[in-house]
């Protein structure tokens, strides 16, 4: 669905096929020793029960790069609440981007990760991000701000996750 006023899709769906077990994909999404190695390199914290906290803290490298470009970084850059956790199949959280003051004013959005084993050691990871009332976050996670130094959004993060799990290296680690 697209919001005509902002020309931003309010529900974004991403799908990637990864040669890895559901457990490996689950760990790569929910454990900080993995999340610091791909995408925006945040350190995740999950209390994996309904109502539990979800937080992402910046790595030292992330903080240094952002601050070098004039962007102060809070101690928590994303927060939310776990709505559903069914390891290693499904994780649903709310999502609030706190790094940018204008994005922090937008309402919490909802992210669903679904992991489905499809055979021969391959899994399908589907990420659904419901973004009603959050056009700034929709632009960011949709990769529309990549040319402005904001990264490639969910597509980029999932591509890095796939690379890391299949090769042992993220894009940055492979250079």
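Computed quantities for the displayed model
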read-out: Contact order relative to length of the chain, as percent, for alpha carbon pairs under 8 angstrom and 6 or more apart; value: 25 percent
read-out: Cβ-Cβ FRET estimate between residue 126 and residue 60, R0 fixed at 45 Å, reported to 0.05; value: 0.90
read-out: Packing-based exposure ordering (other Cβ within 10 Å, fewest first) of 71, 113; value: 71, 113
read-out: The chain: C-alpha gyration tensor shape, a/c 1.5 cut-off, then a/b vs b/c; value: rounded
read-out: Inter-probe distance in nm under a simple model that places probes 7 Å from Cα toward Cβ, at residue 83 and residue 67; value: 3.5 nm
read-out: Helical contribution to [θ] at 222 nm, DSSP H n ≥ 4, -39,500 (n - 2.57), averaged over the chain, rounded to 500; value: -7500 deg cm²/dmol
read-out: Neighbour-count ranking [beta-carbon atoms within 10 angstrom, fewest first] of 116, 162; value: 116, 162
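The numbers here are math on the coordinates, done by the rules we state, and not lab data. As the structure is a prediction and not an experimental result, all values here were calculated from the model. Glycine also receives a Cβ, built like all others from the backbone with ideal geometry; neighbour counts cover every protein chain displayed.
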